[in-house]
Amino acid sequence: MIYIIMLVFLYGLLKVIASVAVFPAQLLRKPSYDLNAIQKEFPDLELIVSQEKTPQNRILETLTIKPLTGKVKDTVLIFNGQNATFRNEKKIRTYCQTVRDTGDTVVGFDYGGTALRRITTWSKESLLNDGVFLATKLAKALPQSSLILKGNSLGSAIATLTAGKCHEKGVLVYLWGGRPFLSVTDVAAGQIRTLHQSGHYENQATIFLSKISRPFISALFSLSDWNIDIEHAYKNIPEPYKNYYLVRSDKHERKSKKDDVVIPYCASPDASNDIKLSVKKQIREGDIHNSEDISFYRARRKCSADSTGDAHPLPEINLFSRIEPKLSAYQLFCLFATSYVRKQGENNMLNDERKGFDAVRVYGGI
């Protein structure tokens with residue numbers, strides 16, 4: 001009996017440690033912000049804070065920002081990272097600027113349990129369910145416009161899994177992943193491989209230690225229900241609907257730059273041969289000089305930081321395309337939203353009109 005009690009205790013301890021390690025935002029103090037002050041700075045925008053209740057009875061705090069003038073184009077749903085919340089004045093101002101720069105509606109949200117100062121999220125399924133609920137609700141409410149799921153780090157992983165679920169349901173959303181990881185196992189093993197020195201540091205000893213520890217790390221995350229793995233979901237999303245970027249400086253600069261210390265290159269999607277081959281195929285076959293072609297963004301997925309420190313917490317405006325140094329990751333996303341996604345939406349509408357025309361002709365209307 002004592003062994004059973006010990007096993008239950010150890011399992012509970014593992015669940016708690018994993019939950020706090022992967023999603024510590026639930027234990028943070030609820031941040032305060034002055035929405036009225038921000039509204040005065042952006043009089044051309046409408047800011048609405050509301051709550052959504054999921055089928056799992058989780059309350060999601062949401063913020064919707066819309067332009068007051070002109071026709072609203074598409075919608076961007078932003079997924080927070082590990083410790084992030086939209087309830088931050090700097091972040092809300094960034095959302096507002098994104099609305100101005102794209103003409104899209106921006107929706108930010110906090111996963112259920114964020115800032116409740118107690119553990120309420122015990123597995124990745126809770127975060128995924130939150131994302132799928134909001135994404136499908138927005139997509140159904142906006143049938144004539146496109147929905148872009150945008151995330152960074154952990155948010156990028158949850159956005160990818162959400163996009164995969166949406167496409168399985170026939171909901172065609174776009175994915176923009178910033179600094180994503182293949183799996184939490186890859187991140188943990190990558191920390192051993194790089195000793196948290198930089199996003200590219202390694203030697204034969206650390207590579208060996210990383211390889212032998214990987215099965216144990218994977219087993220622990222699987223047992224705790226936090227085995228976030230995006231590779232399968234990402235590969236199943238159709239090529240025209242997805243893109244990611246990562247921090248990977250030129251090899252001649254790596255001695256002086258740390259790149260992404262939290263998610264090293266060996267834990268990024270580029271570490272997957274299947275994904276990397278698919279990316280190279282898109283670059284080879286597409287027009288990398290045309291922002292209305294997905295290969296334009298594939299070719300610019302590798303960014304370099306404008307500082308020598310850890311690039312993981314840096315804003316997108318401080319990350320720049322290696323092949324086009326004046327183009328920041330933020331500007332790249334704005335192009336993706338305003339040029340690529342907008343063009344895809346126009347093409348889809350034309351295709352729908354042609355289908356309707358053909359249907360009328362077939363059934364004798366013309």
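Among the residues of region 180-239, those identified as buried (at least 19 other Cβ atoms within 10 Å of the Cβ), small (Gly, Ala, Ser) and over 25 Å from GLU168 (Cα atoms) are ALA188, ALA189, GLY190, SER198, GLY199, SER210, SER224. Within region 328-350, the set of residues being crowded, with 16+ Cβ neighbours inside 10 Å, at pLDDT below 95 and polar (S, T, N, Q) comprises GLN344 only.
Report yes if some residue within region 98-110 is in a helix (DSSP H, G or I), touching a Pro at 6+ places or on another chain (Cβ under 7 Å) and surrounded by 18 or more Cβ atoms within 10 Å (Cβ to Cβ); otherwise report no. Yes, region 98-110 has at least one match. Residues in region 285-300 that are in contact with a helix residue (DSSP H, G or I) (Cβ under 7 Å, 6 or more places away or on another chain), within 14 Å of SER339 (Cα to Cα), touching a residue at least 40 places away in the same chain (Cβ under 8 Å) and assigned to a loop (DSSP other than H, G, I, E, B): SER291, GLU292. Which of (1) acidic (Asp, Glu); (2) part of a helix (DSSP H, G or I); (3) on the phi > 0 side of the Ramachandran plot does ASP186 not meet, given it meets every other one? Status for ASP186: all satisfied but (3). Residues in region 1-57 that are without any contact (Cβ under 8 Å) to a residue 40 or more places away in the chain and touching a strand residue (DSSP E or B) at 6+ places or on another chain (Cβ under 7 Å): GLN39, GLU46, ILE48, VAL49, SER50, GLN51, LYS53. Against the test of being over 21 Å from the mean Cα position of the chain (by Cα), loosely packed, with under 14 Cβ neighbours inside 10 Å and among the hydrophobic types (A, V, I, L, M, F, W, C), the options ILE48, ILE38 yield a single qualifying residue, ILE48. Name the residue that is farthest from ASN243 (Cα to Cα), counting only residues in region 292-327 that are crowded, with 17+ Cβ neighbours inside 10 Å and among the polar types (S, T, N, Q). Top of the filtered list is SER304. Any idea which residue in region 76-94 is nearest to ALA163 (Cα to Cα), counting only those that are crowded, with 22+ Cβ neighbours inside 10 Å and over 14 Å from the mean Cα position of the chain (by Cα)? Among residues in region 76-94 that are crowded, with 22+ Cβ neighbours inside 10 Å and over 14 Å from the mean Cα position of the chain (by Cα), the one nearest to ALA163 (Cα to Cα) is PHE86.
If you check ASP270, ASP260 for being within 21 Å of PRO325 (Cβ to Cβ), within 17 Å of the chain's Cα centre (by Cα), touching a residue at least 24 places away in the same chain (Cβ under 8 Å) and assigned to a helix (DSSP H, G or I), only one passes: ASP270.
For region 138-178, the candidate set comprises residues that are of a type in the set (Val, Ile, Thr) and assigned to a helix (DSSP H, G or I); within that set, the residue that is nearest to TYR234 (Cα to Cα) is THR160. For region 189-224, the candidate set comprises residues that are in contact (Cβ under 8 Å) with a residue 60 or more places away in the chain and not in a loop (DSSP other than H, G, I, E, B); within that set, the residue that is farthest from ALA271 (Cα to Cα) is LEU223.
The values are calculated or read from the model by the stated rules, or taken from the named source; none is laboratory data. Remember, predicted model here, so these are calculated numbers, not experimental data. We place every Cβ from the backbone using ideal geometry, glycine too, and count neighbours over all the protein chains shown.
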